[in-house]
């Protein structure tokens, strides 16, 4: 499998109808300009198709934070999410990068834990009855 | 007391604000310099002088978050933090506004509790030594209406 990851400032991406059209076919792509305004988008392309994306910003206490990660359901478990996160880590301007997911999202939690992310804790009341579990990775701190 | 959105030109015009930013940690200083042009920093002016600031947005998983709250030492215990938090509550998207502080900062914890915020989890690895304690409070669309009445 060849996955090419493009790193694009969100403000630039939203002005590219062709790229946005490909992303709209993926889960969750429905963001306001305000949500995207100072984020960067990582897009995974395979054979000209967008098969996944991640969105990150440096708004989390001034640290890199991947606030959205999505992969085409038909193309999961093939390393797309890992490739997206590794690209985000290379982009991250802070010494550590964070991400999060609902406690109920076992596949995402297994993924994060399998590629060197450490659980940082939980924040309650974001989604009622389903705490948000935060993860942190300090690149270079582990062999992964 | 005037609370308004801060602009980049304020750094030049308000010496106390410039000093506050210069004295912040490098990471917080970079954060302030990034969000200031976006309009996410709001300042309190008393007789035209910088007395404090709050940085807030709706970017913690789409929820309102107060990232940095600051009151100049000469202006403490005068209700400025309260005014800044109320301002953030008006700007926050319903249903909740979140904030956090280090576990060592008991003064901030007492302040948030007195404003009706409840503990909402904690994260490690934010800081080398202290966990970050999270707080949240319900906010609704009527906050502004109630305030004006």
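No lab work stands behind these numbers, since they all come straight from the coordinates. Note that the structure is a prediction, hence the values are computed from the model and not measured. Neighbour counts are summed over all protein chains in view; Cβ atoms, including those assigned to glycine, are modelled from backbone coordinates with ideal geometry.
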* Asked: To the nearest 500 deg cm²/dmol, what mean residue ellipticity at 222 nm is calculated for chain A from DSSP H runs of n ≥ 4 alone, each contributing -39,500 (n - 2.57), summed and divided by the residues?
  -> -6500 deg cm²/dmol
* To do: Report the antiparallel proportion of the DSSP beta bridges in chain B as a percent, rounded to a multiple of 5.
  => 90 percent
* Least to most buried among A:30, A:38 (fewest other Cβ within 10 Å first) -> A:30, A:38
* Asked: How do B:57, A:47, A:90 rank when sorted from fewest to most other Cβ atoms within 10 Å of their own Cβ?
  -> A:47, A:90, B:57
* Structure fact -> Computed over chain B, the convex hull of the Cα set has an average projected area, in nm², of 9.1 nm²
* **Reference-scaled alpha-carbon Rg (2.2 N^0.38 Å with N residues) for the protein assembly as shown** => 1.05
* Can you tell me the 0 to 90 degree angle between the C-alpha axis of helix A:80-91 and the longest principal axis of chain A, rounded to 10? => 80 degrees
* Asked: In the Gaussian network model of chain B, springs joining C-alpha atoms below 10 Å, which of B:78, B:109, B:122 carries the largest mean-square fluctuation?
  -> B:78
* Could you state the per residue volume, in Å³, of the convex hull enclosing the Cα atoms of chain A? -> 116 Å³
* **Residues B:59, B:7, sorted so that the one with the fewest Cβ neighbours within 10 Å comes first** => B:7, B:59
* Run through the DSSP bridge list for the protein assembly as shown and note the antiparallel percent, rounded to the nearest 5. => 90 percent
* Can you work out the PRE-style zone for residue B:4? Point 7 Å along Cα to Cβ, and I want the residues of the stretch B:28-60 with backbone N under 13 Å. => B:42-50
* Structure fact -> Asserting the computed 222 nm helical MRE of chain B (DSSP H runs at least 4 long, -39500 (n - 2.57) per run, divided by residue count, to nearest 500) equals -9500 deg cm²/dmol
* Structure fact -> Connecting every pair of Cα atoms under 10 Å apart in chain B and solving the GNM, the largest mean-square fluctuation among B:125, B:137, B:90 falls on B:125
* Asked: Over the stretch B:2-148, what is the relative contact order in whole percent, taking alpha-carbon pairs under 8 Å and six or more residues apart?
  -> 17 percent
* Asked: Who wins for biggest fluctuation among A:27, A:17, A:93 in a Gaussian network model of chain A, springs between alpha carbons below 10 Å?
  -> A:17
